[in-house]
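Data block below; observations after.
Computed from the coordinates by the stated procedures, all read-outs in this text should not be read as laboratory data. The model shown is predicted, which means the values in this text are computed figures rather than measured ones. Cβ atoms come from the backbone with ideal geometry, glycine included; neighbour counts cover every protein chain shown.
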Amino acid sequence: MDEAAFDELFGVVEAPLRRTLVAWYDPTVGRDAAQHALEWAWAHRRRLDRIDNPAGYLFRVGQSHAKRELRRSQVPATWLLPAAVIDGDSPFEPELTGALSTLSEQQRAAVLLVHGYGYSFREAADVLNVSLSTLRTHADRGLARLRSHLEVHESQQLDERIRNHAAALDQAAPPIRLDGVHASSPSVSGPRLLRPLAAAAAVVLVVVGGL
C-alpha cells in the first residue's frame, strides 16, 4: 500500500474505528487506542494490502493497545465521560449514559454505531469484525435493554436520544488528524498525530455510576 492508498484508507476507517473504540471503552481510552491503531497502520501499511477487512483488523490492534494500557495503569475499564462534556454546552444526557453503561461492550458499540451514527448493519459488523447476524443480535438486545431501562417504547424518540449522545461522544473524542505523514520515515513507529487541546486536557473523568 503506497502513501496515496493509505490516505484513502485513513479517510474511510478513521471515524468508524474511533467511534467503535470510544463506544467500547470511553472517549479518552478509546480515542488513544484508535490513534495507536492508525499509527500502527502507517508503520505497517504494506501489510494491510493482504488484509480483507482493514477496519476490523485495526479495531483488534486498538483493543490490544487499550488492554495493555489499562493493565499498566491498573485502572479497571469503566464507561467514563470527560467532565468537560458534562459541564459544557453539549447534547450529553447523563441518564442515557447510565443506561448505556449497563450494556455489554458489544451491545453498546452496536447500538451506538447503528442507531447513533447511522452506520449500516454491514458497516458496523465489519469494523467490529463480527458476522452480520451477530451484529444484529447485539444491536437488538442492546436496544431492548435500553428501552426497558429508560422506560421508552417509541423507537423514534429513543433513536433521537442515542443520536444526540453519539454527537456528545464525538465532541469528547474528536477526529484524529494525520500531520506530516508523507515526511515520516517508514522506519519510525508512525506519523505524528495532532491531539486537540480539548481532548488532551480531558484527563478529569467522571464515573457514570457516580452521576
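What ranking, highest mean first, results for peptides 22-34, 153-165 when packing means the other Cβ atoms within 10 Å averaged over each residue?
22-34, 153-165
For region 38-45, just list the computed ³J(HN,Hα) in residue order, Karplus coefficients 6.51, -1.76 and 1.60, θ = phi - 60°, integers in Hz, with x standing in for Gly and Pro.
Once rounded to whole Hz, the list reads 6, 5, 4, 4, 5, 5, 10, 4.
On a full-extension model of 0.36 nm per residue, what is the gain between residue 51 and residue 134, subtracting their alpha-carbon distance, rounded to one decimal in nm?
Between residue 51 and residue 134, full extension yields 27.8 nm more.
Stretch residue 68-residue 159 to full length: gain in nm at 0.36 nm per residue minus the Cα-Cα span?
Once the chain is fully extended between residue 68 and residue 159, it gains 29.4 nm.
Which net charge results when you count Lys and Arg as +1 and Asp and Glu as -1 among the other residues whose beta-carbon is under 10 Å from that of residue 107?
On the way: positive: 108, 141, 145; negative: 105, 140.
Its environment carries a net charge of +1.
Sort 149, 138 so the one with the fewest other Cβ atoms within 10 Å of its own Cβ comes first.
149, 138
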